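Read through the structure below, which is laid out as structure tokens, and then see the notes.
The values are calculated or read from the model by the stated rules, or taken from the named source; none is laboratory data. Computed from a predicted structure; not experimentally measured. Virtual Cβ from ideal backbone geometry, glycine too; neighbours counted across all protein chains shown. Accessible surface is based on the protein model in full, side chains and every heavy atom, while ligands, DNA and RNA are left aside. Shrake-Rupley method; radii C 1.70, N 1.55, O 1.52, S 1.80 Å.
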Amino acid sequence: MADMATLVIDDLHVSIGDKPILKGLSLTMKQGERHVLMGANGSGKSTLAYALMGHPSYDVTSGSVTLDGEDLLALEPNERAKLGLFLAFQNPKEIPGVSVSNFLRQAAQSVRGEKISLRDFSRSMSANMKQLDMKPEFARRYLNDGFSGGERKRCEMLQLLTLAPRIAILDETDSGLDIQMRQLVADVVLAQHERTGFLVVTHYEDVVQQMQPDYVHIMTDGRIQMTGGIELAERLTAEKSWDWVAEEA
Amino acid sequence: MSSLHGFTRDSVVALSAALAEPDWLLAKRLEAFTAFEQTPYPDTRSDEDWRRCDLRRIDFDALADIATPNGATASAVTAADDAVGTATFVDGTLVGSRLNAELAAQGVVLTSLHQALPSHGELIRTHFMTHCVQPGEGKFTLLHAAFFNQGLFCYVPRGVQVDGALLAQVELGGGSLLHHSLIIVDDGARLSLVEEYRSAADVTGLSVPITEIIAGRDAQVVYAGVQEWGPKVYEVGVKRVLAGPGAQVSLCTGNLGGKLSKEFIGAALAGSGSSVDLLGISFPAAGQHLDQTTVQDHRVANCHSNLRFLGAVGDKGRSVFRGVISVHPEAQQTDAYQKNENLLLGDKARADSMPVLEILADDVKCSHGASLSHLDNEIVFYLMSRGLPRGEAQRMMVAGFFEPVIEQVPVESVRARLQHAVAQRIDNLAASHGGLL
Ligand SMILES: Nc1ncnc2c1ncn2[C@@H]1O[C@H](COP(=O)(O)OP(=O)(O)OP(=O)(O)O)[C@@H](O)[C@H]1O
Ligand SMILES: [Mg+2]
């Protein structure tokens, strides 16, 4: 398809303070594809996610990121969202005083650049919540305030469904979810595959199996060391270590 | 009514005559005036209640034109479709009122003090500045007792339930306004009432209001006072509820406007089993000094009070909170809580918070807490990552900061009014400084 969005990350270097974290990371992904990113704790997966979304503490020292040729790095986080980028946070923040529904409606209006009537919004939100097996009263609760770990993750998915991004990064959305919810998230990802390209960060092979990815990337020390298919995840399970990655890369 | 200049004895006499007051009321004014003259203004260096409040900024003589009606009708009056009754005061005179006919038939009264004098004179005489707020408490209560204008009188007879809210609007066109509100909710009755105070942006004035709420046995009262004076108005006011046995009261205050405002907000828990929630929001912007002293006065055993005051302070704004919990020796089994939280929007925003516990009984549960915070940049980023521009994200967070208190207000229309007032403040702040921060 000609209008498929493409995210191109080229030789990206990112530091926090003066500590280099990403050391030349390159990755290209298209809307409609599913990529899995695996890697050691502290290897820089969340750093990549934050840097792509434009977190101010993450300094891009060199390299480029484009979405459909547009320079993402020059944009504010909200402008990136408007272009169709989405990040499901590993640790979503709680925001007392701001209800889920009020927040989501404003977010949807900002991303789409148009008013959405309360009626239309409520209708689509109910449908999305149903898809995620969320009780209606969640809409009235304050965003993530007092939510369990799993509820927060589900709420991230609700935001994803509401904003319908072209490229979505799921940063360990599976962690903290029970078996049934993991399957539900995988189902949502699979159901969305035509309109969204996914970069799924996970530590678990069974999640990789559920996601049926087109590519699996293995990251150590701030770089993607290997790219392949599900067999890489299976190998990880078998080896129970990262040593082979360094040896074979 | 001719204009009255100066806080003088002549003004007292002229004002009382113009309002055709009975002798007892004139005598009460004159007694207060005599004491007023003998009482110095509070010493802001030594008096704890006034220590951070610079009264020298107020030119009392220049402002001592006692506000009188100038023929104008209320400009600030909003259509209050949701209110079951309204009363509108402009420069100290009732210019219009309406009340649901059913409520009127049940004996509910919503009018001015002076219009109610012929029919409810004894009730007024019993409760007007006698046992809730007393003239002799200080310089400004004396000033008020000597020069009060035609204030609000609201009465709900025994057992009558007012569904929906009553609304009183108070507008100041200049000079001094000493608005009095006497709200009496008799035994077993229920009332929700909102008072809104407004003035145009260019009006210079002095406001010395007193609101007295008398809640009878098992009465249920929700009161909200929303102060949105323009930026050139000075204010020293008192809002107090006297809670009878088993009364349940929510006393909510929005302190938003004014150049310098000092409010004493209090609950006197005078009847066993009474319970009062004190909910407050304040939002000083650049150049504003909003100062609040709260008093949870537990006079008898078995009462409960819970205070939560939230303040957002704009850059170069100043907020002072002094929260007194006073538990009398006989007030055993008291539950009293106090929490003051401030959100600083800018490096030059300043908020002081001082709890004062005077606990003279031994079997009590009391706690207090205060916090200071800034907008969390991680949350700003989170909201921006969902498409909200930075300004919108900050706006949402400031509005959200007030929500935990606003949502505790038990009446929907009252909540909506408070939310609207906060939203307007945020808009003003965002517009005047090109951003909240
Ligand atoms: N704010 C920060 N200040 C200093 N160091 C940081 C900061 N944030 C992350 N780091 C460091 O950057 C490195 C990469 O962290 P990152 O969160 O990207 O890892 P990750 O691959 O997502 O790990 P995990 O699998 O545990 O989620 C780590 O060494 C971490 O300690
Ligand atoms: Mg991580």
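With 32 Å as the limit, the listed pairs A:LYS19/B:LYS316; A:LYS82/B:LYS339; A:LYS93/B:LYS339; A:LYS115/B:LYS316 have A:LYS19/B:LYS316; A:LYS82/B:LYS339; A:LYS115/B:LYS316 beyond it between alpha carbons.
From its DSSP helices (H runs of at least four residues, each -39,500 (n - 2.57)), chain A gives a residue-normalised ellipticity at 222 nm of -11000 deg cm²/dmol.
Both radii come from the Cα set of the range B:217-295: Rg as radius of gyration, Rh as Kirkwood radius; their ratio Rg/Rh reads 1.07.
Of all beta bridges DSSP finds with both residues in the protein assembly as shown, what is the antiparallel percent, to the nearest 5?
Details: 38 of 189 bridges.
Antiparallel bridges: around 20 percent, rounded to the nearest 5.
Here the protein assembly as shown is treated as an ellipsoid with the same Cα gyration tensor; its semi-axes, largest first and in whole Å, are 60, 24, 23. On chain B, 48 percent of the accessible area sits on carbon and sulfur atoms, based on a 1.4 Å probe.
Provide the buried accessible surface between chains A and B in square angstrom, both chains summed, 1.4 Å probe, rounded to the nearest 100. It would help to have the intermediate numbers written out before the result.
On the way: alone 11880 and 16960 Å², together 26750 Å².
The summed interface area works out to 2100 Å².
When the protein assembly as shown is described by a simple charge dipole with +1 on each Lys and Arg Cβ and -1 on each Asp and Glu Cβ, the residue from B:VAL12, B:GLY244, B:GLN424 located farthest towards its positive end is B:VAL12. Taking a point 7 Å from the Cα of A:ARG141 along the Cα-to-Cβ direction, the residues of the range A:104-123 with backbone N closer than 17 Å to it are A:104.
For chain B, with equal point scatterers placed on the C-alpha atoms only and solvent neglected, what are the log10 I(q)/I(0) values from the Debye formula at q = 0.10, 0.12, 0.13, 0.14 1/Å, to two decimals? Values, matching the q order: -0.67, -0.99, -1.17, -1.37. For B:GLY311, the residues whose modelled amide H falls within less than 5 Å of its own, excluding neighbours fewer than 5 places apart on the same chain, are B:SER282, B:GLU341, B:ASN342, B:LEU343. Using just its DSSP H runs of length 4 or more, each adding -39500 (n - 2.57), chain B gives a mean residue ellipticity at 222 nm of -7500 deg cm²/dmol after division by all residues.
Each 5 Å bin from zero holds the following percent of Cα-Cα pairs in the range B:293-421: 2, 10, 16, 15, 17, 15, 10, 7, 4, 2, 1, 0. Separation of the range A:182-209 and the range B:346-361, taken as the distance between their Cα centroids, equals 51 angstrom. Using alpha carbons only, the radius of gyration of chain A set against its Kirkwood radius gives Rg/Rh = 0.96. Computed as a quarter of the hull surface, the mean projected area of the alpha carbon convex hull for the range B:158-201 stands at 3.7 nm².
Within straight-line reach of A:LYS23, meaning a Cα separation under 16 Å, sit the following lysines at least 8 residues removed in sequence or on another chain: A:LYS45. Residues considered: A:ARG34, A:ARG119, A:ARG223. Largest GNM mean-square fluctuation over chain A, using C-alpha springs under 10 Å, is found at A:ARG119. Each part gets one Cα centre, and for the range B:288-302 versus the range A:118-134 those centres are 44 Å apart. Reducing the range B:1-47 and the range A:1-65 to their Cα centroids gives an inter-centroid distance of 73 Å.
Taking amide H as placed 1.01 Å from N in the peptide plane, B:GLU407 has no amide H partner under 5 Å among residues 5 or more places away or on another chain. Taking every DSSP beta bridge that has both ends in the range B:9-375, the antiparallel portion is near 5%. Rank B:SER207, B:SER199, B:SER11 by mean-square fluctuation in a GNM of chain B with C-alpha springs under 10 angstrom and give only the top-ranked residue. The residue with the greatest mean-square fluctuation here is B:SER11.
Rolling a 1.4 Å probe across all protein chains gives A:ARG195 an accessible area of roughly 110 Å². Accessible area per residue was computed with a 1.4 Å probe on protein heavy atoms; B:ASP59 scores about 90 Å².
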